[in-house]
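In what follows, a structure is listed as structure tokens, so that the remarks can point back to it.
The values are calculated or read from the model by the stated rules, or taken from the named source; none is laboratory data. Small disclaimer: the values here were computed from a predicted structure and weren't measured. All Cβ positions, glycine included, derive from the backbone under ideal geometry; neighbour counts span all protein chains shown. Just so you know, the surface numbers come from the protein's heavy atoms only, side chains and all, with ligands and any DNA or RNA stripped out. Shrake-Rupley method; radii C 1.70, N 1.55, O 1.52, S 1.80 Å.
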Amino acid sequence: MTRRPHARTPARTAIGELVAVGEHELHIRQDGPADAKPLLLVHGFIESLHWWDQLTPLLSQTYRIIRVDLAGYGCTRADTGFDANSQAAILESVLDHLDLTGVTAVGHSWGADHVVALAERSDRVTEIVVIDQAPDYSDYPIPAIARLLGIERLDPVIALIHRIVPEAVFRRIIAQGFARGFDLTTLDNPAQFYADYRAMSPRMFRAVALDRPKALSQRPLDVQVRELALPTLVIHGDGDRMFDCATTLARYAAVGARTEVIPGAGHSPQIERPHQVAALIRDFSRECDQRAGSNSA
């Protein structure tokens, strides 16, 4: 993994460094003390590392925060390698490049798939935090029309639709990722969400709507968490309009994860309730450190 000049103009303005990882030029942002405990923050579908903008300042005084634009998102341009294992391989290269150990890997939504897969690949990850992601799609059936995404000859049509969807329509769609009544215009940069959508590879729709449900039906995230046997915190907003809060937390609790509800939050509590998410992560991190200290003693 080596640095090299960025040869193409990214769809988003880079706020970190661009680092060569295989075929990709990965956008990485670091905040906080270099010698502090590392937290890796991994975003989800139609997102970028900017989805952690509200949370990062609340944790960066205590932790070394590493944020990454996954392949096909933000400033990391790609049209292949979107599955959890491929994305996890990229994240593993980041941890190796930075020589990080004792990492708490935090994944929001689809990002949870990637941090769990990363923990399976690398012993540099010692704790996991899952934010608003059900173990599978059993409570959130994919519409039948999504099958069209598997027809390769329709790729140009899908790319065109992705390009021409107006921001007003997109905002109605993205509202499902937040609790009812949450006002995106109250954020510092509400235009960021549409910019993230436009920067995303249109081939991501097939990966999420077709490939991901198949993978999770064969090996749900709660099964993966149980097999990993690492300390795991699951945070879920009780106003999540995508995945049922009670069902999701019950399944993770059954495999030994610590579960926490954030009242009033939807699918994206790191944006809606960042102070509460930060407090839960700090408390979980201290608990893990104390447990590790007791075990070593």
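Say we look at the range 66-80 and pick out the residues that are closer than 11 Å to His43 by Cα and charged (D, E, K, R); which of these is surrounded by the most Cβ atoms within 10 Å (Cβ to Cβ)?
Of everything passing the filter in the range 66-80, Asp69 is surrounded by the most Cβ atoms within 10 Å (Cβ to Cβ).
Can you tell me which residues in the range 40-65 are open to solvent by less than 10 Å² (accessible area, probe 1.4 Å) and closer than 29 Å to Pro213 by Cβ?
Leu40, Leu41, Val42, His43, Gly44, Glu47, Ser48, Leu49, Trp51, Trp52, Leu55
Return the total of residues in the range 165-181 being free of Cβ contacts under 8 Å to residues at least 60 places away in the same chain, over 12 Å from Tyr194 (Cβ atoms) and of a type outside the set (A, V, I, L, M, F, W, C).
1
Please specify each residue of the range 99-141 satisfying the condition of being out of contact with any Asp or Glu (no Cβ under 9 Å at 6 or more places or on another chain) and either open to solvent by 30 Å² or more (accessible area, probe 1.4 Å) or among the aromatic types (Phe, Trp, Tyr) (or both).
Hits for the range 99-141 are Asp99, Asp123, Thr126, Tyr137, Ser138, Pro141.
For the range 160-266, give me every one of the helices (runs of 4 or more DSSP H) that falls completely inside it and has 1 or more residues that are among the acidic types (Asp, Glu) and either farther than 19 Å from Pro141 by Cα or open to solvent by 70 Å² or more (accessible area, probe 1.4 Å) (or both).
Those helices (runs of 4 or more DSSP H) span 167-174, 191-199, 221-228.
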